[in-house]
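Only the coordinates and a few stated rules stand behind these numbers; no lab work does. All values reported here derive from a predicted model rather than from experimental measurement. All Cβ positions, glycine included, derive from the backbone under ideal geometry; neighbour counts span all protein chains shown.
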Ligand code: HEM
């Protein structure tokens, strides 16, 4: 976990400073942009989580670390339903489509990559909990309604992250495995930054 954190720090800083992420953190996004973000994250999480489920039998580390409550699809579906978005109408932006293809490729070639991807998205809950406060204020959301994905664990965030780290540390990864996890995590960080760019750039959907 120390290597994952240290060796992705530059990309975390870049992701945090991405104009769209910074705007969300400052509560300067419109409802449309926020909902567009949720829609794209649903497409990403849905595919990642399906691939993780399929790979669990073959990859002991996935089985040992990934817990059902970490799957974000249900929280995203709940949020999107509240905003009246029908998931079947969502289409991936170019960056999201590239992520979906990467997930399929990774699952077929070396599914341990899925754990590196999952690390990035599970870890992002640490910052999202703070972003949720700004988004609630900016969009007038009642806690628990429309913000489940940003703050899925509430007061359990710290404990859940500590448990994730403990479970990762308990795995017997070779140095080569860790190199591979770091490179998968770096890929996901970069991909999420590109997706942030797509969401910020998309035209506002007609009412
Ligand atoms: C404005 C945006 C963001 C803010 C303010 C933010 C803030 C934070 C904070 C405060 C932590 C906790 C550090 C700790 O307790 O050790 C954290 C951890 C983390 N964040 Fe972010 N974050 C942001 C965006 C993102 C994005 C977009 C991603 C993913 C693409 C991400 C992925 C992670 C990961 C993986 C960790 C865990 C690092 C580790 O301990 O291994 N963050 N973030």
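Hey, any hits in the range 45-65 for a residue that's within 16 Å of residue 107 (Cβ to Cβ), within 16 Å of the chain's Cα centre (by Cα) and within 15 Å of the ligand (Cβ to nearest atom)? Yes, some residue in the range 45-65 is within 16 Å of residue 107 (Cβ to Cβ), within 16 Å of the chain's Cα centre (by Cα) and within 15 Å of the ligand (Cβ to nearest atom). Tallying residues that are exposed (fewer than 12 other Cβ atoms within 10 Å of the Cβ) and not in a helix (DSSP H, G or I) within the range 68-91 yields 3. For the range 136-147, the condition holds for at least one residue, the condition being that it is out of contact with any helix residue (DSSP H, G or I) (no Cβ under 7 Å at 6 or more places or on another chain), in a helix (DSSP H, G or I) and crowded, with 17+ Cβ neighbours inside 10 Å.
Only one of these conditions is not met by residue 54: (1) touching a helix residue (DSSP H, G or I) at 6+ places or on another chain (Cβ under 6 Å); (2) part of a helix (DSSP H, G or I). Which number is it? For residue 54, the failing item is (1). Can you confirm whether the range 108-128 contains a residue that is in a helix (DSSP H, G or I) and away from the ligand (no atom under 16 Å from the Cβ)? Yes, the range 108-128 has at least one match.
For the range 152-189, the set of residues classified as more than 16 Å from residue 69 (Cβ to Cβ) and surrounded by fewer than 16 Cβ atoms within 10 Å (Cβ to Cβ) consists of 169, 170, 171, 172, 174, 175, 176, 179, 183, listed by residue number.
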